[in-house]
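Report on one structure; see the data block that follows.
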Amino acid sequence: MTKTEASEIRMREAVRADVPRVAELIMHGASVQKRTPEQIAEEAQDPVYLKAFEAVSANPYNSLFVAELEGRVVGTYQITVLPGMAERGRIRAKIESVHVAPECRGRGIGAIMMRHAIAFAAEKGVGLVELTSHKARPEAHRFYNSLGFVQSHEGFKMALSP
């Protein structure tokens with residue numbers, strides 16, 4: 001597989017028209033739920049994704065980015081800047097929903113997106129970047145380790161009914 005050069009990728013903030021494609025990328029990357037391409041395309045049209053996009057866009061601490069290759073969205077990630085009191089007020093950023101189109105994986109696009117995320121965080125004065133990855137994604141863990149991320153904590157989650 002041919003590596004993609006950073007100059008071939010255009011990173012930009014997502015816009016409303018990107019929402020169905022971003023939803024598709026997230027569903028393609030879901031480690032627990034498996035759907036057919038037809039199911040993904042149909043579900044990506046659900047208005048809940050537009051509502052979520054509007055909430056993310058309205059929050060000044062959140063940014064949703066897309067990676068374009070030849071005018072087509074092939075990757076996405078969300079980053080949230082988290083001011084806090086810990087470590088003398090060190091600002092953190094959490095990177096979430098990092099996804100690359102299945103047909104584009106292994107070409108270096110994820111690394112380009114992560115470098116973009118880290119640079120974006122640095123511009124915002126962030127002192128620590130963190131992310132989580134599902135335990136069922138060992139390839140993703142190797143990828144993040146190769147970029148310099150360390151598995152320093154155990155994560156915990158609790159689902160709440162909306």
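The numbered conditions (1) surrounded by fewer than 11 Cβ atoms within 10 Å (Cβ to Cβ); (2) modelled with pLDDT of 85 or more; (3) in contact with a helix residue (DSSP H, G or I) (Cβ under 9 Å, 6 or more places away or on another chain) are all true for Ala17 except (3). Of the numbered criteria (1) in a helix (DSSP H, G or I); (2) farther than 14 Å from Arg21 by Cβ; (3) open to solvent by less than 70 Å² (accessible area, probe 1.4 Å), the one Arg107 fails is (1).
Only residues that are assigned to a helix (DSSP H, G or I) and within 15 Å of Pro102 (Cβ to Cβ) were counted across the range 1-23, and they come to 3.
The criterion of at least 2 residues that are touching a helix residue (DSSP H, G or I) at 6+ places or on another chain (Cβ under 7 Å), free of Cβ contacts under 8 Å to residues at least 40 places away in the same chain and not acidic (Asp, Glu) is met, among helices (runs of 4 or more DSSP H) falling completely within the range 24-99, by 37-43, 47-58. Of Arg72, Arg92, all but one fail to be open to solvent by 80 Å² or more (accessible area, probe 1.4 Å), basic (Lys, Arg), more than 20 Å from Arg21 (Cβ to Cβ) and within 17 Å of the chain's Cα centre (by Cα); the exception is Arg92. Being touching a Phe, Trp or Tyr at 6+ places or on another chain (Cβ under 7 Å), surrounded by fewer than 20 Cβ atoms within 10 Å (Cβ to Cβ), among the hydrophobic types (A, V, I, L, M, F, W, C) and at pLDDT 95 or above holds for only one residue in Met11, Met113, and it is Met11. Given the condition farther than 28 Å from Lys34 by Cα and either modelled with pLDDT under 95 or buried (at least 18 other Cβ atoms within 10 Å of the Cβ) (or both), answer yes or no: does some residue in the range 50-67 qualify? No: zero hits. With the requirement that a residue be polar (S, T, N, Q) and open to solvent by 60 Å² or more (accessible area, probe 1.4 Å), what does the range 132-154 give you? Within the range 132-154, Thr132, Asn145, Ser146, Gln151, Ser152 meet the criteria.
In a residue-by-residue description of the range 151-162, the property of being touching a residue at least 12 places away in the same chain (Cβ under 8 Å) and farther than 24 Å from Glu24 by Cα applies to at least one position.
The values are calculated or read from the model by the stated rules, or taken from the named source; none is laboratory data. Predicted model only: the values in this text are computed from it and were never measured. Virtual Cβ from ideal backbone geometry, glycine too; neighbours counted across all protein chains shown. Accessible surface areas use protein heavy atoms only, side chains included; no ligands, DNA or RNA. Shrake-Rupley method; radii C 1.70, N 1.55, O 1.52, S 1.80 Å.
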